[in-house]
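Here is the structure we will look at.
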Amino acid sequence: MTVTRSETPAEEFDVVVVGGGPAGSTVASAVALRGHRVLLLDQQTFPRYQIGESLLPSTVHGVCRILGVEDEVARAGFKLKRGGTFRWGRNRDPWQFSFALSPRLSDPTSFAYQVERNRFDAILLDNARRVGVDVREGCRVSDVVADEERVRGVRWTGPDGAREARARYVVDASGNTSRIHTHVGGKRTYSDFFRNIAVFGYVAGGRRLPKPNDGNIFCATFDEGWIWYIPLRDELTSVGAVVSREHAAAVQGDPTAAWRRLIDACPEIRDLVDGAPQAGESPYDEVRVRKDWSYWKTRLWRPGMVLVGDAACFVDPVLSSGVHLATYGSLLAARAINSTLDGTLDEARCFGEFEARYRHEYGLFYEFLMSFYDLHQDERSYFWKARKVTNVGATELEAFVELVGGLASGDAALAAPAEAGARLTAASSDLDRVVGRLPGSDGHRNPLYESTAFRQTFHEGSVLQERGLLGGPLEEEVPLRPGGLVTSEDGLGWAVTAP
């Protein structure tokens, strides 16, 4: 929308952030920590319900520590999570995914939490207030203010009526239902490979896996898809089924009946749920539906505006990457904003670094998850047959090549769909090999870390953990691409490597 003047009095800030979830709270806090003036607007009043309860260590020990909120998250009493347990792939017995390099020798950051998002998100938002962010809840952003050169601010409606704020940057962190993301990069590109629908709810209680893995997420496959089982506390468990969009009519027609039927169709989950009633406490007393799990944008920034979190992209939830990608992308955006506002680096160079790294991280998870789905060998099922790497369509591969621009997996030679397909097939074979070794592992070393795809996918998360724990990575950081930037010492900006 192009605006030359407005009769609405405008407040002035350095940055306006739209959305107060983990993405919005992260970017707002990281910018405020550098002394900039930040306004954060959210249409809801916290605490509020949100799905996505299973975290990765990079969020807990990396992002939360950089923002100064790790100790408060630790005191919240969330369920400890050492990894994941899967009944997935050619081996029909469950196997463990451990965050530790060795299950017998855990390092101090080899865990995460299963969190109730209403509490976790409120902790992050309150921390944003503490570090100086002007947080305003119950404020609905309706549009951006822009001219021919750049986005200049936002319009919103709050308790005091229609308002306007001007800023050097607007950050859209308002999630998958964003009203303003089309101002950057147009419409979303949806993945056909991951185009699923999820129906999910909560049970009061439920059985737990044997210790020390009683806090693990458990994911099990069955003919129609797969089911997650997340222990949030002793008396509360999140249970959700991911199935093909062909089931949409039945799922949306009667979500509760569909949820119960799908649980009954998966023996491992059915046994864990047996005897546990549906949760009766608000907001967990409702069965919900979500569709279109995976998408991305052709652009993630334009002068004056940047997209982060689910406003920018999302990929299938099986490896709990949602909050990681949201907070990681927000930290990248904060680095670009801080370095530009400080006048230390050129805007285009800073945001080019943001976009390249964000696409790179998304691309790594996208590739890995395609290979992970390919582990399932049941060719009788329509769901699993459609999710074999060999059945990935040319349109999907073309869109993916455009997305990553040759950066995924560090392979600058990726320039065509055929090359992407060949690499996906090789990654799937490599992953199948190491997963097949898990049942016979001696416990001294996790075979998953022998997979190149696995190490690359979780590399940046490990660097975040090192930065949070030690103040910087163990190895000297090198640019992602020729002429690229590296992270500043405090983790909140970009820097140029020494010549």
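General observations
- The residue of the stretch 103-145 that is nearest to Gln465 (Cα to Cα), among those that are under 22 Å from the mean Cα position of the chain (by Cα) and in a loop (DSSP other than H, G, I, E, B), is Thr109.
- Matching residues in the stretch 199-209 - criterion: being out of contact with any Ser or Thr (no Cβ under 6 Å at 6 or more places or on another chain), part of a strand (DSSP E or B) and surrounded by fewer than 24 Cβ atoms within 10 Å (Cβ to Cβ): Phe200, Gly201
- Sole residue being within 27 Å of Arg467 (Cα to Cα) and surrounded by fewer than 17 Cβ atoms within 10 Å (Cβ to Cβ), chosen from Gly20, Gly77: Gly77
- Meets criteria (surrounded by fewer than 21 Cβ atoms within 10 Å (Cβ to Cβ) and of a type in the set (Gly, Ala, Ser)) for Gly158: yes
- Hey, Val308 farther than 22 Å from Val170 by Cα and within 23 Å of the chain's Cα centre (by Cα) or not: no
- Qualifying positions in the stretch 377-392 - surrounded by 12 or more Cβ atoms within 10 Å (Cβ to Cβ) and assigned to a loop (DSSP other than H, G, I, E, B): Gln377, Asp378, Ser381, Ala386, Arg387, Lys388, Val392
- Residue match in the stretch 346-353 (condition: open to solvent by 10 Å² or more (accessible area, probe 1.4 Å), touching a Ser or Thr at 6+ places or on another chain (Cβ under 8 Å) and touching a residue at least 60 places away in the same chain (Cβ under 8 Å)): no
- Boolean, Ala122 is over 18 Å from Ala173 (Cα atoms), modelled with pLDDT of 95 or more and not polar (S, T, N, Q): no
- Selection status of Lys297, open to solvent by less than 30 Å² (accessible area, probe 1.4 Å), within 30 Å of Gly186 (Cβ to Cβ), among the basic types (Lys, Arg) and modelled with pLDDT under 95: yes
- The residue of the stretch 315-332 that is nearest to Asn176 (Cα to Cα), among those that are open to solvent by 10 Å² or more (accessible area, probe 1.4 Å) and modelled with pLDDT under 95, is Gly322.
- Pro212 vs. criteria open to solvent by 10 Å² or more (accessible area, probe 1.4 Å), at pLDDT below 95 and in contact with a Leu (Cβ under 9 Å, 6 or more places away or on another chain): yes
- Output for the stretch 354-374, where each listed residue is aliphatic (A, V, I, L, M), surrounded by fewer than 24 Cβ atoms within 10 Å (Cβ to Cβ) and either touching a strand residue (DSSP E or B) at 6+ places or on another chain (Cβ under 7 Å) or more than 28 Å from Glu70 (Cα to Cα) (or both): Leu369
- Looking across the stretch 439-477, the residues that are surrounded by fewer than 19 Cβ atoms within 10 Å (Cβ to Cβ), within 24 Å of the chain's Cα centre (by Cα) and in a loop (DSSP other than H, G, I, E, B) come down to Gly471, Gly472, Pro473, Glu477.
- Residue in the stretch 84-93 that is within 17 Å of Asp121 (Cβ to Cβ), open to solvent by 10 Å² or more (accessible area, probe 1.4 Å) and over 18 Å from the mean Cα position of the chain (by Cα) present: no
- Taking strands (runs of 3 or more DSSP E) as the structural unit, those lying wholly within the stretch 1-82 and holding at least 1 residues that are modelled with pLDDT of 95 or more and closer than 29 Å to Glu281 by Cα correspond to 38-42, 79-81.
- If only residues of the stretch 301-312 that are open to solvent by 10 Å² or more (accessible area, probe 1.4 Å) and of a type outside the set (Asp, Glu) are counted, the one that is nearest to Ser25 (Cα to Cα) is Trp301.
- Only residues that are closer than 30 Å to Glu402 by Cα, touching a residue at least 24 places away in the same chain (Cβ under 8 Å) and of a type outside the set (Gly, Ala, Ser) were counted in the stretch 436-453, giving 3.
- Every listed requirement among (1) outside any strand (DSSP E or B); (2) over 30 Å from Glu466 (Cα atoms); (3) in contact (Cβ under 8 Å) with a residue 12 or more places away in the chain is met by Ala100 save one, (2).
The values are calculated or read from the model by the stated rules, or taken from the named source; none is laboratory data. Just so you know, these numbers come straight off a predicted model, no measurement behind them. Virtual Cβ from ideal backbone geometry, glycine too; neighbours counted across all protein chains shown. Side chains are part of the model used for accessible areas, which takes the heavy atoms of the whole protein and leaves out ligands, DNA and RNA. Shrake-Rupley method; radii C 1.70, N 1.55, O 1.52, S 1.80 Å.
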